Amino acid sequence: MRHGWIAVAVALALGKVALGGPLDPKQVAGDAQWVVHADASVMQASSVAQKAYHALVEQHPLGKVGEAILDKSRTIVGMDPRKDLHGITAYGKTIGREKGVLIIVADVDQALLAEKVQRAPDYRMTMHGPYTVVSWTHVDPRGRRPVAGAFYKSNVIVFSGSPEEVKAAIDVMDGKSPCLDAACPLAAATPAGTALVARAVRIGQARLPGNPPLLKQLDTLNVVIGEDKGTSFAHARLSVKSAEVAAHMKDVLLGARALGLLHAGDDPKEKALAEAIKVSADASSVSVDFEAPVDDVWEHVRKDIRRMLEMHKAAGGNAFWNWSAGTRFGRQRALVDSGQR
């Protein structure tokens, strides 16, 4: 889906349920082929995510500017993502097409965003039972594209590329159209502390540019990432068409793990993190599992941030600002720096 962040923010203007929470299969259409769910409440509680955020804010040249913009985001787009955004679910019925549904749980300034969306090009309003569905044309440097959205409940918003798709999504959430069956891999339960879920089924049927042969060998994907009781975790399982494909993919993943061990050098903590990556395979699937103490994971992330900043500095720290001067972000930065925002 190519709707842009402004489109997401404007969609929030249309019309409080439980905050965030795990993936809810009842919100997803029964014929969905992929789903991604982010539990922002869990991310906000993650020690690694919070430490990384503050490190970037304090050390990266973009950090202070981004923080200043976020400080004013509630007056600009009606919400502060750092505390008002609680959960996001996206799903689609076809892999490889820029179509899908986005469901957001957030506390927003409805009046402010309603005013913004009403000023958007090609604004239209229709009714779907008790729900008001609006549509407009979103314009950004990539071009123009249609967007539609509706306030499902006081802080639950659904939007997509057309009023018809929004109405279909609402019917799923209202129980009028089939949602995910409990037996569907997309609806599988998630471990406690899961912050991000990414799943897909019938991958071999996808139509992607170049029609890569490997794609036809894949079936389902299940990825969960999170943090629970002082442990960071990531689990991925990919179902494939044959034992031969599973064996080859296992070899590839073990090679990546070996590369990580080489990069670790003599650092015992870095080596332990690489060794914590477990790769396994059977006749129809390959799995990658990772669990490690959050403090060790943060130390690794901290080093990555430091290396990134050193590379940025070596490349010429002002290069980004020279490029961004004519962009919307550059103009926002100038306004923040001048005290006008």
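The values are calculated or read from the model by the stated rules, or taken from the named source; none is laboratory data. Keep in mind that what you see is a predicted model, and the values were worked out from it rather than measured. Every residue, glycine as well, gets a Cβ built from its backbone with ideal geometry; the counts of neighbours run over all protein chains shown.
Numerical summary
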read-out	value
Strands (runs of 3 or more DSSP E) (entirely within the range 80-172) containing at least 2 residues that are among the aliphatic types (A, V, I, L, M) and over 30 Å from residue 50 (Cα atoms)	124-128, 131-140, 143-153
Number of the exception - residue 230 against (1) under 25 Å from residue 51 (Cβ atoms); (2) at pLDDT 95 or above	(2)
Failed item in (1) exposed (fewer than 14 other Cβ atoms within 10 Å of the Cβ); (2) assigned to a helix (DSSP H, G or I), with residue 253 passing the rest	(1)
Residue selected from the range 189-203 under the condition at pLDDT below 95 and part of a loop (DSSP other than H, G, I, E, B), by the criterion farthest from residue 43 (Cα to Cα)	202
The range 21-37, subset surrounded by 21 or more Cβ atoms within 10 Å (Cβ to Cβ) and farther than 14 Å from residue 170 by Cα, residue modelled with the lowest pLDDT	23
Subset of the range 169-195 that is of a type in the set (A, V, I, L, M) and buried (at least 18 other Cβ atoms within 10 Å of the Cβ) - its residue that is nearest to the chain's Cα centre (by Cα)	195
Unique residue being assigned to a helix (DSSP H, G or I) and among the acidic types (Asp, Glu) when the list is 289, 219, 295	295
Qualifying position, being among the polar types (S, T, N, Q), modelled with pLDDT of 75 or more and closer than 15 Å to residue 224 by Cα, among 46, 41	46
Selection from the range 142-168 of residues that are farther than 20 Å from residue 97 by Cα and surrounded by fewer than 19 Cβ atoms within 10 Å (Cβ to Cβ)	153, 154
